[in-house]
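The values are calculated or read from the model by the stated rules, or taken from the named source; none is laboratory data. Since this is a predicted model, take the numbers as computed values, not measurements. Don't worry about glycine lacking a Cβ; one is built from the backbone with ideal geometry, like all the others, and counts go over all protein chains shown. With ligands, DNA and RNA removed, areas are computed over all heavy atoms of the protein, side chains included. Shrake-Rupley method; radii C 1.70, N 1.55, O 1.52, S 1.80 Å.
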Amino acid sequence: FGAAVWNLRRDRLLTAVKQLEYAAKIDPDSTAALKELVRVYTQLGREPDAIRAARWVLAKDPADADTAHALARLLFDAGELKEAV
């Protein structure tokens, strides 16, 4: 996870995505890597992946307001107004 954050700060997004996906796979109970994946997927234009990751985070932590807001924004942009609300 630390290497992925380091790569994010240096705008090495594709490398960071691979590392974050690996970190999320190794520690499935943690939401930190998935939260970062939501942000990076959005930056890369991979909105369906960002939506899936955000839903996964909210399934594990329903009180995460930042991820809920990001998910609502992604769904609104995708034209899924009912789900965004």
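Rolling a 1.4 Å probe over the protein heavy atoms of the chain, with every protein chain left in place, gives an accessible area that is 55 percent carbon and sulfur. Projecting the Cα atoms of ILE26, LEU13, GLN43 onto the charge dipole of the chain (Cβ charges, centred on the Cα centre) puts LEU13 farthest toward the positive pole.
Entry comment: accessible area of the chain is 65 Å² per residue, from protein heavy atoms only and a probe of 1.4 Å.
When the chain is treated as a Gaussian network with alpha carbon springs shorter than 10 Å, the biggest mean-square fluctuation among ALA65, ALA32, ALA23 belongs to ALA65. Compared with the dominant principal axis of the Cα atoms in the chain, helix 13-26 is inclined by about 90°.
Against the chain, whose longest principal axis is taken from its Cα atoms, helix 32-44 shows a tilt of about 80°. Taking Cα extents along the principal axes in Å as the quantity of interest, determine which of (1) 55, 29, 18; (2) 37, 25, 17; (3) 40, 27, 21 was computed from the displayed structure. Checked against the structure: label (2).
Applied to region 53-69, the Karplus parametrisation 6.51 cos²θ - 1.76 cosθ + 1.60 on θ = phi - 60° returns per-residue 3J(HN,Hα) values of 5, 5, 5, 5, 4, 5, 5, 7, 9, x, 8, 6, 5, 5, 5, 4, 5 Hz, with x for Gly and Pro. If only the Cβ of Lys and Arg carry +1 and only the Cβ of Asp and Glu carry -1, the dipole of the chain around its Cα centre is close to 260 debye.
Under a Gaussian network description of the chain, with springs only between Cα atoms under 10 Å, the residue in LEU71, LEU44, LEU34 that fluctuates furthest is LEU44.
Rolling a 1.4 Å probe across all protein chains gives ASP11 an accessible area of roughly 120 Å².
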